[in-house]
Each structure stands twice: as structure tokens, then as C-alpha cells.
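Some notes on the structure that comes next.
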Amino acid sequence: MGNTIRALVAFIPTDRCQNYVVRDLREMPLDRMVDLSGNRLRRFPVHVCSFQALVKLYLSDNHLDSLPPELGQLQNLQILALDFNDFKALPQVVCTLKQLCILYLGNNKLCDLPRELSLLQNLRTLWVEANYLAQLPDVVCELHLLKTLHAGSNALRLLPGQLQRLRELRTIWLSGNLLTDFPTVLLHMPSLEVIDVDWNSIRYFPSLAHLSSLKLVIYDHNPCRNAPKVAKGVRRVGRWAEETPEPDPRKARRYALAREESQEAQALAQPLPLPPTSSRGASVIGQCQRPNSSIFRTHLH
């Protein structure tokens, strides 16, 4: 299974891990894969760059915040995993690896992506989830062969209109962002098969019935009062998902009203302040009896 170096180095002090890894990587793995995930690395072992036929390189779950320019020697690399590290900016050398098909950048500290990322025209999958992106970088819209985009758990409020240039895009994951409206640009992308907008703040969903390739839409955990209308055979995950083709508007209104009443009831059920005490120190319970909050909530519901 490739050159996988794992739990043993967890017992070696961090300042000695580097030498251990370099010493263990003397020969090119037969499957052309190196996995250095979870080794607490703070510096990339430059010796790996001598394996110029390398196809897969996994550096996940370390403490890396930079990469050496020698990494550019790995021109056959197709998969690069840099997720769960400490990158505040994507190292420029990554943008020179023009054979990359899959790039994992999730769970770092990225606020943007460099313009040079557009050089990776073979990229099919890009994961940038759980970073600090307040907007989707425009350069993503220049990756014309991109099929899967995972941008969940950021701070996105909208998507750029240029996203519809990605005619090959099939799957887009946007869960856990700050979307208040369903991204209009997605309505003009008929090749999409999977749309995930779970855990946002979307209140209304437009019809998605015209998206002929759509297979799955995940819209749960939004304060919506309707479900997106979809074509026959499309799976929906969210409130009213089992109703076809869309929920009865009267049910939606009743649900919203019941939810508001429930919130009001919970507010009323908060414990009242303790009554004042008399001069003898006894509580004036007879004059101001505090109700049992759990019973009070039960009767209100």
C-alpha cells in the first residue's frame, strides 16, 4: 500500500521526526505513492522530491505552513493532499504541478487562492472546505475541467456569476456557509448532479426542476418555508423532502406558525426570579408561587 509511515513516529519528538522520515524514504515506492499523513511534520522532507515519477503525495494532518521549491520537480504528480495543516497561503510551487487532477486544501487557514492556480487546467477535484474564505476566489472559475468543488464550512455569502463557466462541474458542496439566498448562478448550470447547501440561512428555494442532470439536492438545516421543486426521480434531503412534487403551502404556513408559537412558549417557560423574603427570612411563596418550568412547558405545548 505504498510507502505509508504512520503511528510509530508519534512517539518520536518532533525535532527528530524529520530525519526519521528522510531515512525511511530511500527508494521510489512501487505504486508511486508516498503517504506522510499524521506525522507532525513541520518541514517537508526535500528528499521526496527526487522521486520524480511520483503520482500521489499525501501530506494531510501535519503542521506544514510552507513547501520547498524543489516540489516542482514532481511533474507527474496527479493527487496532492495538503488538508489539515497550517497553510495561510497556498505555496506558489503547487501551481507549477500541471498534471494535478485532485487537490485537497481543506482545514487550513486560507483566505484566498493565488491567480496562478489557473495554471492547473487538469484539475478535476478541488477541496477548500473549512478555511477562511469570505468569497469564492474568481480563479476557481477558470478551472474549466473541474467536476467536484467542496467549499463547505467557510464564510461564503454568495457565489460569483462566472461559476457557470464551469460546464464540467457535477458536484458542489456549500454546506456550513453564510448563504441567505439560494445561489442564482446554480440555476444556470444544467450539468450539476449534486447540490449541497445544508446548514446555511436560506429562507426560500426556487424551482430546480429544469436542472436536467440533477440527482441529489441537500438543503436541510435552513430556515426555509418551502422545499425546492425538483424533477421526478431527484432525491431531496431536507424538510418536506418526502412530499411530491413540493409541500402543500398550507402545511408550510402551519409549520412556521407552530414553530413561532413553540419559541414563544419556550421564552415564557424560562424560570422566574425568586420571590423576595420577609423580614423573618421566610420566602413569600404563598404570595408569589413560581411554577414548575417543565410542567409549564408541557401544558403550553
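Looking at R40 and the list (1) open to solvent by less than 70 Å² (accessible area, probe 1.4 Å); (2) over 29 Å from R170 (Cβ atoms), which single condition is not satisfied?
Answer for R40: the failing condition is (1).
Under 6 Å by Cβ, and 6 or more places apart or on different chains, what pairs join a residue from the range 103-124 that is open to solvent by 20 Å² or more (accessible area, probe 1.4 Å) with one that is of a type in the set (D, E) and at pLDDT 95 or above?
Pairs that qualify, where the first residue is open to solvent by 20 Å² or more (accessible area, probe 1.4 Å) and the partner is of a type in the set (D, E) and at pLDDT 95 or above, are Y104/D83; N107/D83; S118/E142.
What are the residues in the range 95-111 that are closer than 23 Å to S153 by Cα and not small (G, A, S), if any?
C101, I102, L103, Y104, L105, N107, N108, K109, L110, C111, listed by residue number.
Out of T171, T180, T184, T148, report the one residue that is open to solvent by 10 Å² or more (accessible area, probe 1.4 Å), within 17 Å of V234 (Cβ to Cβ) and without any contact (Cβ under 8 Å) to a residue 60 or more places away in the chain.
T171
Of the numbered conditions (1) closer than 22 Å to K109 by Cα; (2) touching a Gly at 6+ places or on another chain (Cβ under 7 Å); (3) open to solvent by less than 30 Å² (accessible area, probe 1.4 Å), S153 satisfies every one except a single condition; which is it?
(3)
Out of the range 142-160, which residues are in contact with a helix residue (DSSP H, G or I) (Cβ under 8 Å, 6 or more places away or on another chain), closer than 14 Å to C101 by Cα and either among the charged types (D, E, K, R) or not in a loop (DSSP other than H, G, I, E, B) (or both)?
Within the range 142-160, L149 is the sole residue that qualifies.
Output the qualifying pairs, or none if there are none: Cβ atoms under 9 angstrom, residues six or more apart or on different chains, first residue in the range 64-77 and within 15 Å of H47 (Cα to Cα), second residue acidic (D, E) and outside any loop (DSSP other than H, G, I, E, B).
Once the first residue is within 15 Å of H47 (Cα to Cα) and sits in the range 64-77, no partner that is acidic (D, E) and outside any loop (DSSP other than H, G, I, E, B) comes close enough.
The values are calculated or read from the model by the stated rules, or taken from the named source; none is laboratory data. Just so it is clear, the structure is predicted and the values come from calculations on it, not from any experiment. Cβ coordinates were reconstructed from backbone atoms using ideal geometry, including for glycine residues, and neighbour counts include every protein chain displayed. For accessibility, only protein heavy atoms count, side chains too; no ligands or nucleic acids. Shrake-Rupley method; radii C 1.70, N 1.55, O 1.52, S 1.80 Å.
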